[in-house]
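Notes to accompany the following structure.
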Amino acid sequence: METASSDDARRVNLILFDPAEVDASGVVRLSGARATHLVNVLDVSPGQIVRVGMLDGPLGTGTVQSIVDGTVALRCVFNTDVPPAPAVDLLLALPRPKVMRRLWAQLAALGVAQIILTNAERVERNYFDTHVVTPECYRPLLIEGLQQARDTRVPVVSIQKQFKVLLEDRLDGLFPNGLRLLADPSAEKSIGTMAADLKGRRVLLAIGPEGGWNDFERRLLEAHGFQSVGMGPRTLRTDTACVALLALVHEAIGSPD
């Protein structure tokens with residue numbers, strides 16, 4: 001399984017692999033993009049130690065055993081604990097495909113446990129038919145973001161084409177407990193003023209399309225427990241809003257007491 005970026009100029013901070021790739025003696029043999037990155041970018045040699053991690057598993061270290069014919073063998077030792085899942089989930093009205101493609105890695109790097117993509121009046125219906133919402137496209141990009149951030153927890157992705165059905169029938173199952181926030185430039189409350197309420201809580205953050213939620217969608221979100229919050233009067237593009245809002249929410253949540 002290939003998890004490293006094909007861009008050799010991009011230095012990743014963690015080499016990730018599936019648990020099935022590690023043999024009984026703790027050795028993993030990497031070829032392809034990850035081996036190329038180790039050899040050409042990190043310039044590893046036998047005996048060198050690199051940071052490694054199992055997808056949805058523990059972090060650890062890998063000692064380079066050999067480099068033969070483009071295959072790098074690492075003997076790995078893993079920590080006992082698995083990193084906790086991020087305390088933030090994201091409900092996102094599906095943006096344009098090129099924007100969503102840019103967002104996948106950033107969302108994983110920022111720390112999102114669950115990404116719920118949904119429809120809205122101002123979302124083009126054909127967006128859901130594009131390659132960018134297929135696991136073959138988004139999973140490598142999510143892993144790229146995790147390698148950047150030194151995390152192993154792959155965000156769970158859910159595609160929900162029916163907004164009303166999502167809110168009325170499915171959301172409580174996807175996000176049963178926690179605080180629900182609705183991003184809104186016109187909101188009187190800000191994430192900063194709600195910091196005390198967010199401290200140590202799980203949060204579901206809803207971000208609408210670049211044209212905004214319509215009145216029906218906004219009322220339905222509010223009827224299902226979403227509180228409007230903002231970060232000032234500026235209307236931002238989806239990718240900018242996601243990065244800024246997620247950073248603020250994580251800062252407000254902090255570490256559980």
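The values are calculated or read from the model by the stated rules, or taken from the named source; none is laboratory data. The structure displayed is predicted, hence computed values, not measured ones. With ideal geometry, Cβ positions are generated from the backbone for all residues, glycine too; neighbour counts draw on all protein chains shown.
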* Condition broken by residue 207, with the remaining ones in (1) at pLDDT below 95; (2) in contact with a strand residue (DSSP E or B) (Cβ under 8 Å, 6 or more places away or on another chain); (3) of a type in the set (Val, Ile, Thr) satisfied -> (1)
* **Inter-residue pairs, beta-carbon under 8 Å, first more than 15 Å from residue 112 (Cα to Cα) and in segment 175-190, second basic (Lys, Arg) and surrounded by fewer than 15 Cβ atoms within 10 Å (Cβ to Cβ), 6+ apart** => 185/234
* State all residues of segment 50-75 that are part of a strand (DSSP E or B) and either in contact with a Lys or Arg (Cβ under 6 Å, 6 or more places away or on another chain) or acidic (Asp, Glu) (or both); if no residue qualifies, say none. => 63, 65, 71, 73
* **Checking residue 85 against (1) surrounded by fewer than 17 Cβ atoms within 10 Å (Cβ to Cβ); (2) assigned to a loop (DSSP other than H, G, I, E, B), the condition it does not meet** => (1)
* Asked: Filtering segment 221-257 down to residues that are under 23 Å from residue 174 (Cβ atoms) and in a loop (DSSP other than H, G, I, E, B), which residue is nearest to the chain's Cα centre (by Cα)?
  -> 256
* For segment 33-55, does any single residue satisfy the condition of being under 30 Å from residue 173 (Cβ atoms) and surrounded by fewer than 20 Cβ atoms within 10 Å (Cβ to Cβ)? -> yes
* Asked: What do you reckon, is residue 218 assigned to a helix (DSSP H, G or I) and either surrounded by fewer than 16 Cβ atoms within 10 Å (Cβ to Cβ) or in contact (Cβ under 8 Å) with a residue 40 or more places away in the chain (or both)?
  -> no
* Asked: Taking interchain pairs and intrachain pairs at least six residues apart, which have beta carbon atoms under 9 angstrom, with the first residue in segment 226-249 and farther than 14 Å from residue 191 by Cβ and the second modelled with pLDDT under 95 and among the polar types (S, T, N, Q)?
  -> 233/186
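Being over 24 Å from residue 37 (Cβ atoms) and in contact with a helix residue (DSSP H, G or I) (Cβ under 6 Å, 6 or more places away or on another chain), is that true of even one residue in segment 98-110?
Residues of segment 98-110 over 24 Å from residue 37 (Cβ atoms): 98-100.
This time we only want the ones that are in contact with a helix residue (DSSP H, G or I) (Cβ under 6 Å, 6 or more places away or on another chain), so: 99-100.
There is at least one residue in segment 98-110 that is over 24 Å from residue 37 (Cβ atoms) and in contact with a helix residue (DSSP H, G or I) (Cβ under 6 Å, 6 or more places away or on another chain).
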* Asked: When only residues in segment 135-166 that are more than 15 Å from the chain's Cα centre (by Cα) and not aliphatic (A, V, I, L, M) count, which is nearest to residue 83 (Cα to Cα)?
  -> 136
* Does residue 107 satisfy being part of a strand (DSSP E or B) and not basic (Lys, Arg)? -> no
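If you go through segment 122-131 one residue at a time, do you hit one that is of a type in the set (Phe, Trp, Tyr), touching a residue at least 24 places away in the same chain (Cβ under 8 Å) and touching a Phe, Trp or Tyr at 6+ places or on another chain (Cβ under 7 Å)?
Residues of segment 122-131 that are of a type in the set (Phe, Trp, Tyr), as a first pass: 127-128.
If we keep only those that are touching a residue at least 24 places away in the same chain (Cβ under 8 Å) as well, we get 127-128.
Imposing the further condition that a residue be touching a Phe, Trp or Tyr at 6+ places or on another chain (Cβ under 7 Å) reduces the set to none.
No, every residue in segment 122-131 fails to be of a type in the set (Phe, Trp, Tyr), touching a residue at least 24 places away in the same chain (Cβ under 8 Å) and touching a Phe, Trp or Tyr at 6+ places or on another chain (Cβ under 7 Å).
Can residue 172 be described as free of Cβ contacts under 8 Å to residues at least 12 places away in the same chain, of a type in the set (Asp, Glu) and assigned by TED's automatic domain parsing to the domain that holds residue 236? Talk me through it step by step, then tell me what you get.
Numbers: free of Cβ contacts under 8 Å to residues at least 12 places away in the same chain: yes; of a type in the set (Asp, Glu): yes; assigned by TED's automatic domain parsing to the domain that holds residue 236: yes.
Yes: the conditions hold for residue 172.
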* Asked: Of everything in segment 14-32 that's more than 12 Å from residue 75 (Cα to Cα) and touching a helix residue (DSSP H, G or I) at 6+ places or on another chain (Cβ under 9 Å), which residue is surrounded by the most Cβ atoms within 10 Å (Cβ to Cβ)?
  -> 16
* To do: Please find, within segment 175-214, the residue that is surrounded by the fewest Cβ atoms within 10 Å (Cβ to Cβ) out of those that are assigned to a loop (DSSP other than H, G, I, E, B) and acidic (Asp, Glu).
  => 188
* **Single condition residue 79 does not satisfy, out of (1) surrounded by fewer than 19 Cβ atoms within 10 Å (Cβ to Cβ); (2) touching a residue at least 24 places away in the same chain (Cβ under 8 Å); (3) touching a Leu at 6+ places or on another chain (Cβ under 6 Å)** => (2)
